[in-house]
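Beneath this line is the structure, given in structure tokens, with notes to follow.
The values are calculated or read from the model by the stated rules, or taken from the named source; none is laboratory data. From a predicted model like this one, the values you see are computed outputs, not experimental measurements. In this analysis, Cβ positions are derived from the backbone assuming ideal geometry, glycine residues included, and neighbour counts consider all displayed protein chains.
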Amino acid sequence: MSLQVYFGIATDYFSKHAFINVHGLMRFYAGVNFLTNCFEEVFSRIREDMSCLLKWTAFLWIVHIIPCTVGMALNERIDNSRCPPLKVDKDLFSYSLNGPQPEFTGFDLTEKFLLRKGAVTEERPSFRLGSSPLIKPTELVFPNGLSSEYSLVTTFRLRKTTKKDRWYLWQIFDQTGGTQVSVVLDGAKRAVEFSARGLLKNSLHYTFKSRDLHTLFDRQWHKLGVAVQSSIVSVYMDCKLIERRLTDEKDEIDPSGYTLITTRVEDGRPVDIELQQILIYCDPYLAEMENCCEQAGSTVRYFTLLLCTMHILGHT
């Protein structure tokens, strides 16, 4: 046989076996991927429920291991001289521990602007907005100013006529009309915007447009949390951290202007939504804690509530 024939036979042999090996490897990796997906599906719920517990366990460990350092940070973060006691729904946090009940500080904008209660038969009363402007002098809403670090937490549902609107969930502006701080919801872009005034009187603007925010505009009830720290702004929705951004330091609020809620950016008219609450806690961590403590899965609900209460008791 010629050298060319031998070369052809050898080439055919190695090609067939190479195909078999590659095909076997492909089947092997497909099997691995299948098993991996099965395990991920089985354990995804467990990971979801345990994430809150593990996160706050780690946080509490740091608090107790480094009490002096963390204690100083907590004292600096929460300015009790500016923040009055705040009554909150007992379902949001657990009071099952022995000892004094935790004291929350902050502002209930629902009470300050609506000045009415839902029917006593309603477990969680909601308010239909859109009939009248909701604006007040800032000094009446925040008599001693606003803490430099805080959480804004709200529960609301959009209506069909307003799901595409761009509107202020909350805005504080000065006497000249300049924004000091605001949270805007843009229905057309399905985004959340945070704006503030910097230390140099410059405008700071941050847009959160994760795909996870799209369902915020689907006309169902949702909880939105915005946690403001000195150099970080975090957005939470329905017990989930959506996005976190580094920011420049922000200026203090001038109480000589005005504060408004649920108002259209375009023309200043009230936006037509259903609202359960708008709360401002004088603690940037409560935006995450309220969401997760309220909506945690049944597997770790008790332990999550316990950890949340321990954290809050450490502030009092």
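Within the set Ile261, Ile280, Ile253, the sole residue that is closer than 19 Å to Tyr168 by Cα, β-branched (Val, Ile, Thr) and outside any strand (DSSP E or B) turns out to be Ile253. Once segment 128-148 is narrowed to residues that are surrounded by fewer than 16 Cβ atoms within 10 Å (Cβ to Cβ) and hydroxyl-bearing (Ser, Thr, Tyr), the residue that is modelled with the lowest pLDDT is Ser131.
If I ask for residues that are surrounded by 13 or more Cβ atoms within 10 Å (Cβ to Cβ) and touching a Ser or Thr at 6+ places or on another chain (Cβ under 7 Å), which ones from segment 229-247 would you list?
Of everything in segment 229-247, those that are surrounded by 13 or more Cβ atoms within 10 Å (Cβ to Cβ) and touching a Ser or Thr at 6+ places or on another chain (Cβ under 7 Å) turn out to be Ser230, Ile232, Val233, Leu241, Ile242, Glu243, Arg244, Thr247.
Restricting attention to segment 155-178, the residues being under 25 Å from Ser81 (Cβ atoms) and of a type in the set (Val, Ile, Thr) number 1. I'd like the residue in segment 177-215 that is within 18 Å of Gly257 (Cβ to Cβ) and among the β-branched types (Val, Ile, Thr) and, out of all such residues, is surrounded by the most Cβ atoms within 10 Å (Cβ to Cβ). Selected residue: Val183. Is it the case that some residue within segment 228-244 is part of a loop (DSSP other than H, G, I, E, B), in contact with a strand residue (DSSP E or B) (Cβ under 6 Å, 6 or more places away or on another chain), on the phi > 0 side of the Ramachandran plot and not hydrophobic (A, V, I, L, M, F, W, C)? There is at least one residue in segment 228-244 that is part of a loop (DSSP other than H, G, I, E, B), in contact with a strand residue (DSSP E or B) (Cβ under 6 Å, 6 or more places away or on another chain), on the phi > 0 side of the Ramachandran plot and not hydrophobic (A, V, I, L, M, F, W, C).
Please determine whether any residue of segment 264-272 is surrounded by 21 or more Cβ atoms within 10 Å (Cβ to Cβ) and closer than 28 Å to Thr161 by Cα. So far as segment 264-272 goes, yes, one or more of its residues are surrounded by 21 or more Cβ atoms within 10 Å (Cβ to Cβ) and closer than 28 Å to Thr161 by Cα.
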